[in-house]
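Take a look at the structure below.
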Amino acid sequence: MNNDELIDTIGDIVRDVNARWGRDYYLERARNDEAPTEMYKAMADAGLWAVGIPEDIGGSGGGLVATAAVMEHLSRVGTPPMLYALTSFARQSILRNGTPEQIQQCVVPTISGERMISFAVTEPDAGTNSFAMRTAVKPVDGGFVLNGQKTFISGADQSDVMLVAAKTDGNNISMFIVPTDTPGITMQPLNINWHAPERQFSVWFDNVALPAEALLGAQGHGSSGMFDSMNAERVVVAAWALGLGYHALERAVAYAKERAPWGAPIGSYQAVAHPLAKARAHLDAARGMIYRAATEFDAGRKAGAEANMAKYLASEAAGAAIDAAMQTHGGSAFDADTDVITLWPMIRLLRIAPVNNEMILNYVAERVLGLPRSY
Ligand SMILES: Cc1cc2nc3c(=O)[nH]c(=O)nc-3n(C[C@H](O)[C@H](O)[C@H](O)COP(=O)(O)OP(=O)(O)OC[C@H]3O[C@@H](n4cnc5c(N)ncnc54)[C@H](O)[C@@H]3O)c2cc1C
């Protein structure tokens with residue numbers, strides 16, 4: 001199967017899951033702060049959690065192209081599975097840096113959707129500058145003791161395991177695999193105003209005892225472990241933004257064909273049609289870059305330039321698509337029941353998180369154009 005056929009096949013599977021667990025279900029879960037458990041189960045039954053995992057450990061392969069396709073299509077139908085996204089890049093990090101036991105314990109159970117992984121990097125004071133993090137471990141006999149605080153950790157309550165970035169010796173960062181029920185961990189939900197079933201948490205680590213096997217990869221090399229999965233993360237996040245952009249656009253086009261306050265459908269006015277047409281052009285261009293980045297990555301190359309450009313292009317294109325969709329809907333855009341304004345916070349967020357577009361452009365300026373670093 002070539003990449004186009006693979007992406008289309010995944011689209012068909014996703015639409016089948018979506019027929020049972022669609023946008024209304026997703027929003028109802030979001031309103032109640034409940035995990036979309038049935039959707040995740042249906043995804044697992046349809047083999048979507050196995051996508052991107054090597055066949056020799058029970059996955060169905062397909063690499064980052066297939067993973068991005070799952071994220072694109074589920075977002076396109078209005079049910080972006082955030083914990084799937086987080087788990088997909090966390091498990092890439094474990095696959096690349098973990099021991100066979102860590103892969104067996106943490107990655108294999110994700111194939112059946114039994115286990116989900118959250119990702120804890122951001123800290124209140126460090127923000128974008130992860131190297132300024134203060135969460136740290138102290139080596140002790142037989143393991144480590146972890147202390148510190150993370151914030152904005154999505155799905156911390158719905159995940160079984162958290163991948164935590166912490167300082168080890170001096171300024172070096174290491175990654176730790178931490179079960180979320182380990183004694184000494186407390187969580188407090190943040191009041192984030194978006195419409196998703198995953199909440200964000202401040203998470204405190206108070207003398208959390210970790211066994212030596214919690215360390216992922218070599219001690220002090222966590223930043224390379226973290227960066228290893230970052231290009232995959234950029235691509236999956238780009239696919240998430242892209243799918244939501246197409247979703248917003250489809251809704252706007254349908255409305256523009258129907259709404260006719262002057263007699264003719266508003267979609268016949270170029271002032272309405274052109275922003276929608278432009279959004280389509282930009283989304284399609286971003287899509288090309290996403291699958292180019294994923295194909296490069298799957299071929300064993302780092303694909304840093306393509307992955308960063310894909311994240312930038314897709315999040316900006318999705319931003320333009322939701323803006324055009326809101327303009328097209330006029331006042332109705334602000335009625336939450338129309339479910340247009342409800343799309344906006346998540347699409348807007350994807351220009352800021354998991355990495356803001358300024359940092360993406362910094363990467364392109366320095367690494368692609370060779371310009372001096374400014375920060
Ligand atoms: C809904 C949600 C979910 C999240 N989920 C997670 C999660 O699961 N795990 C996790 O670890 N984190 C998560 N985050 C945190 C997110 O990754 C951070 O908010 C993001 O990385 C930006 O950090 P900050 O908010 O501290 O912004 P700051 O670092 O304070 O930056 C603020 C702004 O300054 C600008 N800026 C910063 N640095 C530079 C620079 N060097 N050059 C140019 N401009 C710059 C950017 O415009 C940026 O938006 C989540 C956040 C939200 C809101």
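Residues of the stretch 123-157 being within 26 Å of ALA212 (Cβ to Cβ) and within 7 Å of the ligand (Cβ to nearest atom), which ones?
Correct list: LYS150, ILE153.
When residues of the stretch 121-153 are filtered for being crowded, with 19+ Cβ neighbours inside 10 Å and of a type in the set (A, V, I, L, M), how many remain?
Count: 5.
Within 9 Å of the ligand (Cβ to nearest atom), aliphatic (A, V, I, L, M) and within 23 Å of the chain's Cα centre (by Cα), is that true of ILE192? Steps first, answer last, please.
Values: within 9 Å of the ligand (Cβ to nearest atom): yes; aliphatic (A, V, I, L, M): yes; within 23 Å of the chain's Cα centre (by Cα): yes.
Considered against the rule, which asks whether it is within 9 Å of the ligand (Cβ to nearest atom), aliphatic (A, V, I, L, M) and within 23 Å of the chain's Cα centre (by Cα), ILE192 comes out as yes.
Does the stretch 328-350 hold any residues that are assigned to a loop (DSSP other than H, G, I, E, B) and in contact (Cβ under 8 Å) with a residue 40 or more places away in the chain, and which are they? Quick ask: steps written out before the conclusion?
Kept after step one, since they are assigned to a loop (DSSP other than H, G, I, E, B), are these residues of the stretch 328-350: 335, 339-340, 350.
Answer for the stretch 328-350, where residues must be assigned to a loop (DSSP other than H, G, I, E, B) and in contact (Cβ under 8 Å) with a residue 40 or more places away in the chain: ASP339, VAL340, LEU350.
Can you find a residue in the stretch 17-27 that is more than 19 Å from the chain's Cα centre (by Cα) and among the aliphatic types (A, V, I, L, M)?
yes
I'd like the full set of residues that are among the hydrophobic types (A, V, I, L, M, F, W, C) and surrounded by fewer than 16 Cβ atoms within 10 Å (Cβ to Cβ), limited to the stretch 324-348. Steps first, please.
Taking the stretch 324-348 first, the residues among the hydrophobic types (A, V, I, L, M, F, W, C) are 324-326, 333-334, 336, 340-341, 343-344, 346-347.
The answer is PHE334, ALA336.
Checking the structure you have, find out if any residue of the stretch 96-107 is assigned to a loop (DSSP other than H, G, I, E, B) and of a type outside the set (S, T, N, Q). Step through it out loud before you land on a result.
Let us first name the residues in the stretch 96-107 that are assigned to a loop (DSSP other than H, G, I, E, B), namely 98-99.
Subset that is of a type outside the set (S, T, N, Q): 98.
Yes; the residues of the stretch 96-107 include at least one that is assigned to a loop (DSSP other than H, G, I, E, B) and of a type outside the set (S, T, N, Q).
Taking only pairs six or more apart or across chains, which ones have beta-carbon atoms under 7 Å, a first residue in the stretch 300-316 that is assigned by TED's automatic domain parsing to the domain that holds GLY63, and a second residue that is buried (at least 24 other Cβ atoms within 10 Å of the Cβ) and small (Gly, Ala, Ser)?
Sorted first by the residue in the stretch 300-316, then by its partner, the list stays empty.
Determine whether the stretch 84-94 contains at least one residue that is surrounded by fewer than 23 Cβ atoms within 10 Å (Cβ to Cβ) and of a type outside the set (Asp, Glu). Working first, answer last.
In the first step, residues of the stretch 84-94 are kept if they are surrounded by fewer than 23 Cβ atoms within 10 Å (Cβ to Cβ); the result is none.
For the stretch 84-94, residues surrounded by fewer than 23 Cβ atoms within 10 Å (Cβ to Cβ) and of a type outside the set (Asp, Glu): absent.
In the stretch 261-284, which residues are out of contact with any helix residue (DSSP H, G or I) (no Cβ under 8 Å at 6 or more places or on another chain) and either modelled with pLDDT under 95 or farther than 27 Å from TYR312 by Cβ (or both)? Lay out the reasoning, then the answer.
Applying the first criterion (out of contact with any helix residue (DSSP H, G or I) (no Cβ under 8 Å at 6 or more places or on another chain)) to the stretch 261-284 yields 261-264, 268-271, 274, 277, 281, 284.
Correct list: PRO261, TRP262, GLY263, ALA264, SER268, TYR269, GLN270, ALA271.
Report yes if SER229 is under 30 Å from LEU27 (Cα atoms), of a type outside the set (Lys, Arg), assigned by TED's automatic domain parsing to the domain that holds VAL340 and within 14 Å of the ligand (Cβ to nearest atom), otherwise no. Write out each step before concluding.
Details: under 30 Å from LEU27 (Cα atoms): yes; of a type outside the set (Lys, Arg): yes; assigned by TED's automatic domain parsing to the domain that holds VAL340: yes; within 14 Å of the ligand (Cβ to nearest atom): yes.
For SER229, the condition - under 30 Å from LEU27 (Cα atoms), of a type outside the set (Lys, Arg), assigned by TED's automatic domain parsing to the domain that holds VAL340 and within 14 Å of the ligand (Cβ to nearest atom) - is met.
(1) within 12 Å of the ligand (Cβ to nearest atom); (2) within 20 Å of the chain's Cα centre (by Cα): which one isn't true of PRO109, the others all being true?
Failing condition for PRO109: (1).
The values are calculated or read from the model by the stated rules, or taken from the named source; none is laboratory data. These figures come from a predicted structure and were not determined experimentally. Every residue, glycine among them, receives a Cβ derived from its backbone with ideal geometry; neighbour counts consider all protein chains shown.
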